[in-house]
Every structure is written in structure tokens, then in C-alpha cells.
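Heads up, the thing below is written out as C-alpha cells.
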Amino acid sequence: MDTLFISDLHLSPDRPHMLELFRRLLEGPARRARALYILGDLFEQFWVGNDDRTPPNSAILETLRVFAASGVPLRVLRGNRDLLLDKGFEPLSAAELLPDHAVIDLDGAPVLVMHGDLLCTRDTKYQRFRAFMEIPLVRGLFKALPYRLRTLLAHGLRPAFRRSAEFKPPEIIDVEQSAVEQTLRAHGVTELVHGHTHRPAVHDFTLDGTPAKRYVLGDWYADPVMLVCREGQKRLWRVVDYLEAG
């Protein structure tokens, strides 16, 4: 049985083919998986709270609930688009919401899973924004706003973030290796799976004299890439190819 990891889906009515790909995965071979992990940025628009009715969120949540009802464990991490996810998301989706740093048992070995944004420490403007959004008072005040105002504020941030990213050098929005190593040490592991950077790859390096690996998932804007773990082997696999393989 496979354990599957996907991230940065950015599901939106503007890309119906990706919504269909997501549905095919969850109604198809993912039903035979040991577990499915979604490592953040499930939605294109910023999540504004547990009453979020932005299309196609209701349909996505229904797809998640039906999938979870099939018996496959479904686990979700927050991404930079869904920082406001909280435990109230669990009954909406039937998924387990994991902490930002989650060490899981993968075929008998501990592996750290993250969204990946916290590793981009050179992007100081984003890190300040993220820290601000984690302040309980700020979160509470935002959630107390009327739904329409929350939607206008959150969705209005998206163009600003897009413009900001366009002017940032590539190395700024990639992970910092020292942050990767520090995080692995803090959690006592040598393998990491994350998304966020939209640069699917497997990175081999040495951590304090021990071989280590970092698996980076692909985004779903153009060519979705997932991580498939099968019988102790880990492989980056295009979602369309995985579906065709059945």
C-alpha cells in the first residue's frame, strides 16, 4: 500500500482541470492508499475561516469527506494560503489537522512533514507577516469580523502577494539549507517532506555526518508532482502518471 503526499494544489474554479484531477485521485487510486497527506495550500484563495464559502471550497470539502469515509486516513497541514485553519476544519473535511512540524512514522522510520514556508528564512517580509498572523489576538480579531469583510481583506491580499513574489530573487523564496538542518536536528530526524517552493526534487546531503534527504513536492499550477512511498521506497511521481498506472 502507498502513502501519498501532495501539496500546493491551489484549487480554483479558474483551473477546472485541476479540480477534476484532484477528484480523480481521491476517487481512484488514493482509495487504496495507507494514508494521504495534504501539506498545505489546498485552496487558491486565502482561507478566511470555517464559514468560508469561496467557490469551489464546499465541493472540495465534500470530496475530502467522501474520501475519508472510505477509511483512508486523511491528514492536512496548514500552508501560507490557509494559515487560519484550526481544529474547526476537522469536522468540515473529516481530515486530521497536523501541527506545522509533524514527525510521522513512514514505513518504520521517522519523517518530518511541513508545508515548507517556515524554512524560507531569507524571505523576512513573509516571515514577519506569518508571525503577525500567528498572534492569537490578531487571529481572534480577524475571525470576529463580518464574513464579507474578511473575504475582501483576505482575497485582496492575493494580488499583492503575487506582485511581491515576482520581484523576489529565486534564492529568497527557496528554503535556507541551514534552516533545514536546524529543523531536522530539533526533531531528531534525517528526512523531510515539504512543498511551498514549487521546485519538485530530491535533495541528498549530510547532516552531522549522517546521510539525509529532503523531498520537495510539486505545485498544481501546471504539472502536479506527488511523493509516493511504497514498501520503503520513496518516489516523486507526476499525478497524471500515477493515475494512469492505476
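Table for the structure above
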quantity	calculated
For the chain, built as a Gaussian network whose Cα springs stay under 10 Å, the top-fluctuating residue of 14, 174, 52	14
Of 83, 55, 137, farthest towards positive along the dipole that unit charges on Lys, Arg, Asp, Glu beta carbons give segment 1-144	137
Approximate shape of segment 2-245 as ellipsoid semi-axes (Cα gyration tensor, √5λ), whole Å, largest first	26, 23, 17
Size of charge dipole - segment 1-102 - debye, nearest 20, with Cβ of Lys, Arg +1 and Asp, Glu -1, no other charges	360
Among 61, 36, 141: highest mean-square fluctuation, GNM of the chain, C-alpha pairs under 10 Å	141
Ratio Rg/Rh, restricted to segment 202-246 and using Cα atoms, in which Rh is the Kirkwood radius	1.09
Segment 174-195 versus segment 205-227: alpha-carbon centroid distance in Å	11
Scattering profile of segment 1-81 at q = 0.12, 0.14 Å⁻¹ [log10 I(q)/I(0), Debye over alpha-carbon scatterers]	-0.31, -0.43
Whether segment 1-40 is rounded, prolate or oblate, judged on the alpha carbon gyration tensor where a/c under 1.5 counts as rounded	oblate
For the chain, built as a Gaussian network whose Cα springs stay under 10 Å, the top-fluctuating residue of 177, 233, 127	233
Whole-Hz couplings from phi, Karplus 6.51/-1.76/1.60, listed for segment 183-195; x for Gly and Pro	5, 4, 4, 4, 10, x, 10, 10, 10, 9, 10, 8, x
Dipole magnitude of segment 2-245 about its Cα centre (Cβ charges: Lys, Arg +1; Asp, Glu -1), debye to nearest 20	580
Rounded if a/c under 1.5, otherwise prolate or oblate - segment 78-126, Cα gyration tensor axes	oblate
Surrounding net charge for residue 205, when Lys and Arg each add one and Asp and Glu each subtract one, Cβ distance under 12 Å	-2
Antiparallel bridge percentage (DSSP; both residues within the chain; nearest 5)	60
Tally of Lys pairs whose C-alpha atoms are under 26 Å apart, taken over segment 2-245, 8 or more apart or cross-chain	4
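Values quoted throughout were computed directly from the atomic coordinates according to the rules given, and no laboratory measurement underlies them. Keep in mind it's a predicted model, so treat the numbers as computed, not measured. With ideal geometry, Cβ positions are generated from the backbone for all residues, glycine too; neighbour counts draw on all protein chains shown.
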